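Inspection log for the structure reproduced underneath, given as structure tokens.
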Amino acid sequence: MTAEESEGFLCDILLKVKENEFPAHKSLLACSSDYFRAMFKSYTQESKASVIHLQVVSPTGLQHVLDFIYTSLLPLSFESLEDTLEAASYLQVTDAIGLCNQYLVNNLALENCCFSANVARKFYLPDALVATEKYIVNNLWKLLDLDLSGLLELNFRSLLVAVESPDLPMVKETHLLNLVLLWLKQDKSRLAHASRLITDVVAFDVYNHKWRALTQVQDRVQNHSMCVVGNFLYVLGGEIESGVHRYDPRFNTWTQITSMMEKRCQFSCCVLGQDIFAIGGKGEDGSLHSSVEVYNISRDRWTKARELPRKIHGHASAICKNTIYISGGKEILSCVSPC
């Protein structure tokens with residue numbers, strides 16, 4: 001705090017954050033902050049106020065921003081960086097935001113790069129974001145050993161940049177897959193990102209007791225269904241891709257086969273003999289299906305089967321003694337308004 005602030009010399013405004021008070025000068029604030037410049041215009045109610053309550057910023061963040069406004073010096077550390085950025089962003093002190101951006105770029109290290117990427121993403125600091133994500137990609141092999149916990153806290157977009165990078169030096173696909181799976185397990189809400197992060201088909205080697213990547217699905221899929229018939233993997237439907245694809249592990253090739261009669265996601269599929277049953281689910285417009293269709297593998301043709309007694313999605317199905325059993329799932333009950 002400067003001498004003018006501490007003594008309240010010619011101060012004409014008091015900023016309050018909770019119990020903390022910060023005497024200041026309207027003219028200086030208005031010159032440095034677009035927020036205060038708009039607030040202190042003559043036609044606003046706040047322009048005549050002697051006390052301004054700031055609900056969003058922290059005392060630490062406001063103190064750092066005021067120090068910068070009065071001295072042009074910004075005290076920065078990783079411990080207080082988010083508080084400072086929150087205050088500078090809220091009060092629209094663009095020069096302070098620029099210094100925070102540069103601080104992140106200049107102080108990148110293994111122990112802080114994931115935190116820095118999260119901060120850069122949260123406060124939209126484009127230069128810092130590019131620098132931190134490039135640093136993470138180039139050093140991912142080190143981070144997997146030294147700062148796995150930091151990677152597990154990494155924001156989705158920055159993790160996606162690393163996963164989709166065509167050049168990850170010294171990182172095996174199985175290690176990358178393990179990172180993605182651990183990241184998804186950290187928080188159930190992250191499961192919505194699974195289809196963007198995982199495009200590999202992986203297999204477990206029972207002899208070596210480890211996972212290995214086989215291939216990549218041709219299109220991104222989400223809320224789809226899968227089944228295996230005669231050592232062929234079938235991937236059916238989903239929110240993004242409505243077709244049906246068959247994977248041949250002998251030649252590591254995908255073949256697109258006849259699409260289902262109806263687009264569906266969040267449905268179940270099961271195999272009975274040489275037929276694949278696609279049961280219920282959601283349609284293209286979000287409406288629920290009670291329909292069931294059957295794919296005859298030898299004829300490459302879908303036909304209608306008997307419908308379910310009710311519309312359902314998100315359920316499971318299984319075969320036992322040539323009978324299909326359905327369990328769980330959700331239904332949407334329609335309401336009729338009285339006339």
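The values are calculated or read from the model by the stated rules, or taken from the named source; none is laboratory data. All values reported here derive from a predicted model rather than from experimental measurement. With ideal geometry, Cβ positions are generated from the backbone for all residues, glycine too; neighbour counts draw on all protein chains shown.
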#### Entry: Among the candidates L144, L177, residue that is touching a strand residue (DSSP E or B) at 6+ places or on another chain (Cβ under 7 Å) and hydrophobic (A, V, I, L, M, F, W, C)
L177
#### Entry: Residue match in region 296-305 (condition: buried (at least 16 other Cβ atoms within 10 Å of the Cβ) and over 20 Å from R196 (Cα atoms))
yes
### Message
I need every pair where a residue in region 166-195 that is assigned by TED's automatic domain parsing to the domain that holds S149 has its Cβ under 7 Å from the Cβ of a residue that is among the small types (G, A, S) and part of a helix (DSSP H, G or I), sequence separation at least 6 or different chains.
### Response
L184/A194
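On the given criteria, is A30 within 25 Å of T132 (Cα to Cα) and either of a type in the set (A, V, I, L, M) or part of a helix (DSSP H, G or I) (or both)?
no
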### Summary
Taking region 121-137 and keeping only residues that are within 27 Å of Y70 (Cβ to Cβ), of a type in the set (A, V, I, L, M) and not in a loop (DSSP other than H, G, I, E, B), one is left with A128
### Residues of region 129-139 satisfying the condition of being touching a Lys or Arg at 6+ places or on another chain (Cβ under 9 Å) and within 17 Å of I97 (Cα to Cα)
L129, T132
### Subset of region 68-116 [in contact with an Asp or Glu (Cβ under 9 Å, 6 or more places away or on another chain), surrounded by fewer than 17 Cβ atoms within 10 Å (Cβ to Cβ), of a type in the set (S, T, Y) and in a helix (DSSP H, G or I)]
T94
